[in-house]
Amino acid sequence: MKLLQASEWSRVKKRILAAALAAFIGFADFQAVSASKIDEAEERRDEAQQGLDEINREIDGIREEQGRLLAEMEDYDAELMSLLTTIELLNNDIAAKKLEIEHTTTDLSAAEQEERQQYEGMKLRIQYMYENGDASIWTALVEADSIADFLNRVEYVSEVYDYDRRQLESYQATVQRIADLKDRLSNDLAAMEELEINYEEQKGDLELIIAEKSRLVDNYEVQLAAANELAENYAATILQQNNIIADEKRRQDAARAAANNNGGGNGGGNSGGNGGNGLTTTGLNPPYVTGVSGNDVVAYASQFVGNPYVYGGNSLTEGCDCSYFVMACFGNFGITLPRTSYEIEKCGQTVSYDCAMPGDIICYAGHVAIYTGNGGIVHASSPTNGICYGTATYRTMITIRRVL
């Protein structure tokens, strides 16, 4: 092998240094442009995240108000059903009362007819007796066999008078009793018909209230649909910007490696990096540093399944939201986390989904959950679902963080 002379070696070194300098300058220019893209993407992502947090709070508020309205509607529906049942029973009673009045009217008419007949018959008998009264008594005296027979004949005439009087009084009492019954039944009917009018007014009021509540619920449905669409747009923007950041960081790593090779350095760079959102890169599996078992965290979190979700709530038993749930569960093991999902998203180290382990934190747009393993999560879901189990892929994941 021919050895280079000192002058030749000097020229070779200059060429190497020039090439290295050119590569360095090119890499520096590229890195500046790439860093600018990353900064811009991070700014857009952060703005979208803030918008998403706000719209998610609005969504929770809309759902909470909608739930309250639906509960009110259930109460009004139950009240209306009870009132309709009462009206139906009242209508049955009114129909029965009208039939009873009809029968009583018939009875009264018959009683009055019998009273008139009895009265007319009695008048005829009295008229006959008065017109022939002396002759009757004289006939009784003449024809009587004895004084006793005479007295019996006179007593018989008196008994006829008394019988007619008693019969007439009895018929008069019957007519009065039936007339009183008819009056009482008519009063009962009037009271029930007045009550029916009152119930119909209540029914109309309830139907108006239910219609208004239903209109409000429908309005909330429209608001919820618009808010969900906006949230999806924010989430898509966040995912897009995270992918841009990940791509730029990978290009930086590749450019750094190329610069090192061109410069003759013996460092290889950090080709994989720890950047990205953990979803577009595989094999990100950072080591545990706390000594706390992820399974223990999952076991602790699972005991609160079934408890309520309350936006802004700070109790694992009485009610909390997603970020407090995650913060409190890890806090039980001495691991301090921020209070908001947006801040939790920046904690710990990035993990790719293929390397996720129980106890890792899965971050969605405006939401966080604890990974339970085997594709599952436990989280404070919503006012409807409360604290519950779920599927990790039920929404688009933003990043996965390991804080253990």
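Local charge for F333 was computed over the other residues whose Cβ lies under 15 Å away, with Lys and Arg +1 and Asp and Glu -1, and equals -1. In the assembled protein chains, T396 presents an accessible area of approximately 80 Å² (probe radius 1.4 Å). Fraction of C-alpha pairs exceeding 14 angstrom in region 364-404: 45 percent, rounded to a whole number.
At a 1.4 Å probe radius, carbon and sulfur cover how many percent of the accessible area of region 187-227?
54 percent
Note on T384: accessible area approximately 120 square angstrom, rounded to 10, probe 1.4 Å, nucleic acids and ligands left out.
Scoring 319-332, 287-300, 71-84 by mean Cβ neighbours within 10 Å over their residues and listing the highest first yields 319-332, 287-300, 71-84. May I ask for the distance between the Cα centers of region 196-222 and region 63-84, given as a whole number of Å? Each part's Cα centre sits 10 Å from the other's.
The values are calculated or read from the model by the stated rules, or taken from the named source; none is laboratory data. Just so you know, these numbers come straight off a predicted model, no measurement behind them. Note that each Cβ is placed from the backbone with ideal geometry, even for glycine, and that neighbours are counted across all protein chains shown. We work out accessible area using only protein heavy atoms, side chains counted, and drop any ligands, DNA or RNA first. Shrake-Rupley method; radii C 1.70, N 1.55, O 1.52, S 1.80 Å.
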